[in-house]
Amino acid sequence: MKAEKPGKVTYSEASLIEAFEQDLPSDYLIGPGDELSIEMWGDERLSGLQVVDPFGNISIPLLGDVQVSGKSRARVQADLREALSKNYADPLLHVRVAAYNNNRVFVLGQVNSPGIVSFTARPTLLEALAVAGAMPSNERINSLQRCAVMRGKDKIIWLDLNELLLGGNLSLNLTLANNDVVFIPDAHEPYVYVMGQVNSPGAYRLTSNMSLLDALMRAGGLSRDGKQRNIAVIRQHEDGPMVAKVNLKRFYRGDIDKNFVLEDGDIIYVRTKNIARFEYLMRSITPFTSLLVINEALSSDDTATTTTPADGDAGGGTQ
């Protein structure tokens, strides 16, 4: 059965955008490529500029390689002081970030310059769009209608691009985190979204009769941590999101009844091994934004019943 587009693209309200932004770290987290200036009073050997290597380390005399990736500047400073206290009494050491070379977001899709956009401070969505050339001209205005911001492997939020760029609704101007992915699809091109424990999470153009297995293959298959027994296909309907839980192991045994033909906007989520249950939150309160947050919980619920995306709506076909 051929996939059909849903009748309505849904979005969500400002309170959910605020919840999405609360996921931002309060401090900038250091990463590979960042440059750290270290000043150590009383020992010039320890002072100087350090570039974080691809493995997240800097090399300090007396200490060797020190892991700094994923830590705030203050945390790195405190850790170095503690480590050097074995050699110095109350070491006076100061760390500052000299260059934010790892502070980047990815802007993809219908922009003039897709790719990595780097910033010296935490960027906003409008700043990222401006650098990537997403500001619409008159002839492009109808093709730029929505925008997805993906954070990590399990969070995606939909924004009304026209409302932000033309309507001036600055409540949609998200503050972005390092490695966020901003994706602007063509309004006339259908996409599905593969999230969670796959090798290449992201947005994939929906082709004719594209199935669940097709989408997983395009995303590079499950990662080492991906759980085959409970994959979610989440589909937004006018009366709310519907979820189908699929056991991929049954496919390998020839049971392919749940190999859905996908629809525009479907989200496939592969959860982590050893996590027994997932919960999702998708609320569509206003016509401007839609937020999906998938949380993995530690409680056991492998016996949860399957809710299909409405009888007949999932396609029920195979490719």
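Let me see the pair-distance distribution of region 35-99: every alpha carbon pair, 10 Å bin width, integer percents in order.
P(r) over region 35-99, rounded to whole percents: 22, 63, 15, 0.
Efficiency by 1/(1 + (r/R0)^6): what FRET value for D90 and V51, r their Cβ-Cβ distance, R0 = 25 Å, to the nearest 0.05?
On the way: r = 28 Å, r/R0 = 1.12.
According to the calculation, E is roughly 0.35.
May I ask you to derive the FRET efficiency for D257 and T124 from their Cβ-Cβ distance with R0 = 35 Å, giving the value to the nearest 0.05? Intermediate values should be presented prior to the final figure.
Working: r = 45 Å, r/R0 = 1.30.
It comes out at approximately 0.15.
Within a 10 angstrom radius of the beta carbon, how do D257, D90, D266 rank from fewest other beta carbons to most?
D90, D257, D266
Check each of the trypsin sites (Lys or Arg not before Pro) in region 155-263 and keep only those in coil by DSSP with at most 16 other C-beta atoms within 10 angstrom; list them in order. Write out the running numbers ahead of the final one.
Numbers: sites: K155, R205, R218, R224, K227, R229, R235, K245, K249, R250, R253, K258; in loops: R224, R253, K258.
Qualifying residues, ordered by number: R224, R253.
List, in order, the whole-Hz ³J(HN,Hα) value for each residue of region 184-194 obtained from phi through the Karplus relation with A = 6.51, B = -1.76, C = 1.60 and θ = phi - 60°; use x for Gly and Pro.
10, x, 5, 4, 9, 10, x, 9, 10, 10, 10
Give the order of W41, W158 when sorted by the count of other beta carbons within 10 angstrom, beginning with the fewest. Can you show the working numbers first?
Numbers: W41 12, W158 22.
Result, fewest neighbours first: W41, W158.
Using the Cα atoms as the points, what is the convex hull volume per residue of region 76-128 in Å³? Walk me through the numbers on the way to the answer.
Details: hull volume 5.1 nm³, N = 53.
Once divided by residue count, the hull of region 76-128 is 96 Å³.
Rounded to whole Hz and in sequence order, give me ³J(HN,Hα) for region 117-124 from the Karplus expression 6.51 cos²θ - 1.76 cosθ + 1.60, θ = phi - 60°, writing x for Gly and Pro.
Karplus values, whole Hz, x for Gly and Pro: 10, 9, 9, 8, 9, 5, x, 9.
Kindly put M242, M195, M217 in sequence by how many other C-beta atoms sit within 10 Å of each C-beta, fewest to most. Before the final figure, lay out the partial values.
Working: M242 17, M195 24, M217 13.
Going from sparsest to densest Cβ surroundings: M217, M242, M195.
Measure off 7 Å from each Cα along the Cα-to-Cβ vector at A74 and S200, then give the distance between these two points in nanometres to one decimal.
About 4.1 nm, to one decimal.
No lab work stands behind these numbers, since they all come straight from the coordinates. Here the structure is a predicted model, which means the values were calculated and not measured. Backbone-built Cβ (ideal geometry, glycine too); neighbour counts: all protein chains shown.
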